[in-house]
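Asker: This structure is in structure tokens; I'll ask about it shortly.
The values are calculated or read from the model by the stated rules, or taken from the named source; none is laboratory data. What you see is a predicted model, and the numbers here were worked out from it, not measured in a lab. Cβ placement follows ideal geometry from the backbone for every residue including glycine, while neighbour counts extend to all protein chains displayed. Note: accessible area is taken over every heavy atom of the protein model, side chains too, but ligands, DNA and RNA are not part of it. Shrake-Rupley method; radii C 1.70, N 1.55, O 1.52, S 1.80 Å.
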Amino acid sequence: MSKSSASNYIVRVKTHPLRLRPFRLLFLGRTVSALGDAVVPAALALAVLRATGSTGSLALVLACALTPRLLLLPLGGVLADRLDARRVAILADLAHGWREVRSRDWFWSSLLGHGVWNGAAAVLTTLGPAVAVRRLGGEGVWVLMLQAGAVGMLAGSLLAARIRPRRPVLVANLGLASYAAPLALLAVAAPAPLVIAAYGVALTALGYLNPVWQTVVQGQFPPHVLARVTSYDWLVSLGAMPLGYALAPVAARAWGDSVPLLTAGALVLVACAGTAAVPGVRRLTSPSSSPGDEVTRRTVNA
């Protein structure tokens with residue numbers, strides 16, 4: 001790369017990512033996909049509840065949608081690594097990726113916390129619509145909760161670009177612990193505005209974690225194993241969701257909605273805040289330079 005072309009590239013990177021056509025296409029594609037995905041939970045939950053009146057039926061529908069994705073994640077990670085995210089590969093590769101995961105205590109301990117978070121989210125997604133309809137004021141409360149969550153996710157993503165703590169994984173994991181609040185408030189049938197606000201705040205923390213986590217993972221793992229590591233990330237993180245879907249309606253029938261919601265809230269609080277006790281989580285710090293500076297140095301050296 002010539003110095004002139006490198007300078008042009010640096011200017012483009014420093015002005016704004018949306019000036020780069022590949023990033024712009026990725027951003028638009030992800031946005032459209034996210035908007036479509038955001039509509040599904042509200043419509044699906046309320047439709048199943050209207051048709052069956054059963055949280056167990058809702059849990060079954062949600063689990064069926066998730067299970068194939070979980071089963072295919074590790075294989076997809078191997079294929080993406082072997083084919084530079086465009087071709088395919090295979091079984092010893094899976095073991096290599098798992099060794100990379102186990103060798104970093106900050107990574108696997110965070111995955112356990114993220115897995116518990118997603119299991120709790122499955123409990124809320126299964127029981128939350130019924131609680132909202134029967135005890136908080138109707139279907140509109142559930143829709144408003146999800147809208148508050150969507151706004152929170154967006155706000156959290158924007159905050160991630162501006163707030164860069166010295167210990168990003170620690171801060172992001174502690175933020176996830178806030179998901180205990182909407183679970184507990186749903187359990188006691190708190191006033192709807194309070195539940196909606198708590199859910200919005202909790203999803204703000206999730207929106208903040210997602211880009212922070214992806215940035216850290218991409219910086220801490222070699223590129224040739226990144227897709228495999230990411231597949232294990234998704235597998236462990238989402239693996240507890242079918243369990244949440246299965247247990248939530250069973251526990252609710254046995255002891256009422258409050259017990260599984262409170263239990264899920266306590267588990268989230270312990271698992272996510274508990275990562276602060278892991279040395280690797282506390283020691284992992286942000287680099288002194290910004291991502292843009294790193295890109296600049298590499299481009300100039302090239």
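Asker: Just to check your reading of the model, which residue among Ala264, Ala205, Ala197 is open to solvent by less than 20 Å² (accessible area, probe 1.4 Å), part of a helix (DSSP H, G or I) and more than 19 Å from Thr126 (Cβ to Cβ)?
Answerer: Result of the check over Ala264, Ala205, Ala197: Ala205.
Asker: Let me ask something else. Return the residues of region 222-261 that are surrounded by fewer than 20 Cβ atoms within 10 Å (Cβ to Cβ) and either in contact with a strand residue (DSSP E or B) (Cβ under 6 Å, 6 or more places away or on another chain) or part of a loop (DSSP other than H, G, I, E, B) (or both); say none if nothing qualifies.
Answerer: The answer is Pro222, Gly256.
Asker: Quick one: is Ala189 in contact with a Leu (Cβ under 8 Å, 6 or more places away or on another chain), of a type outside the set (Phe, Trp, Tyr) and assigned to a loop (DSSP other than H, G, I, E, B)?
Answerer: Yes: the conditions hold for Ala189.
Asker: Right, next: May I ask you to verify whether Val169 is crowded, with 24+ Cβ neighbours inside 10 Å and closer than 25 Å to Thr215 by Cα?
Answerer: In short, yes.
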